[in-house]
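Asks: Could you have a look at this structure, given as structure tokens, before my questions?
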Amino acid sequence: METYGLKSLQIESLLLASLQRLGFWTFFTIGDDEVAGWGIRKGTKSVDAAERIHTDISKGFIACELIKYNSFVKLRSESAVKSANQLIVVGRDYLISDGDILNFRFNK
């Protein structure tokens with residue numbers, strides 16, 4: 001990498017651009033002690049994204065709490081997003097956007 005003057009940031013940008021060009025997006029889940037990113041194809045519905053995490057979540061799917069990435073960056077926390085009434089509840093047919101932050105409601 002040094003020989004060609006490449007930095008990891010350039011490679012990461014290239015990788016992300018390549019994934020987007022191929023139609024892959026990422027959605028995120030947030031827990032008390034972890035954040036996870038999940039790869040999906042562009043055009044994936046929320047119920048199918050739930051299955052990406054676990055089949056039981058998609059089988060018992062009720063709804064999905066959605067935080068748009070830009071809202072989260074601007075407000076800096078899940079509680080601030082909720083206080084600003086920017087948490088959106090969507091159904092099983094919602095098409096996931098790149099960067100969406102999701103919390104799935106489901107029957108166990």
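Asks: Got a sec? Which strands (runs of 3 or more DSSP E) wholly within the range 52-108 have at least 3 residues that are within 15 Å of residue 28 (Cβ to Cβ) and modelled with pLDDT of 95 or more?
Replies: Strands (runs of 3 or more DSSP E) meeting the threshold: 61-67, 101-106.
Asks: Further question on the same structure: Within the range 52-71, which residues are touching a residue at least 12 places away in the same chain (Cβ under 8 Å) and among the β-branched types (Val, Ile, Thr)?
Replies: Residues satisfying the conditions are 53, 57, 62, 67.
Asks: Moving on. Any idea how many residues of the range 74-91 are of a type in the set (D, E, K, R) and surrounded by 15 or more Cβ atoms within 10 Å (Cβ to Cβ)?
Replies: So the answer is 1.
Asks: For the range 23-51, which residues satisfy the criterion of being assigned to a strand (DSSP E or B) and in contact (Cβ under 8 Å) with a residue 24 or more places away in the chain?
Replies: Listed by number, the residues that qualify are 25, 26, 27, 28, 29, 30, 40, 45.
Asks: Check the range 3-22 and report whether any residue there is exposed (fewer than 10 other Cβ atoms within 10 Å of the Cβ), in a loop (DSSP other than H, G, I, E, B) and β-branched (Val, Ile, Thr).
Replies: Scanning the range 3-22 turns up at least one residue that is exposed (fewer than 10 other Cβ atoms within 10 Å of the Cβ), in a loop (DSSP other than H, G, I, E, B) and β-branched (Val, Ile, Thr).
Asks: Let me ask another. List the number of the failed condition for residue 37; all other conditions in (1) among the small types (Gly, Ala, Ser); (2) more than 11 Å from the chain's Cα centre (by Cα); (3) within 25 Å of residue 106 (Cβ to Cβ) hold.
Replies: Failing condition for residue 37: (2).
The values are calculated or read from the model by the stated rules, or taken from the named source; none is laboratory data. A quick note: this is a predicted structure, and the numbers were derived from the prediction, not measured. Heads up, the Cβs are rebuilt from the backbone with ideal geometry, glycines too, and the neighbour counts pull from every protein chain shown.
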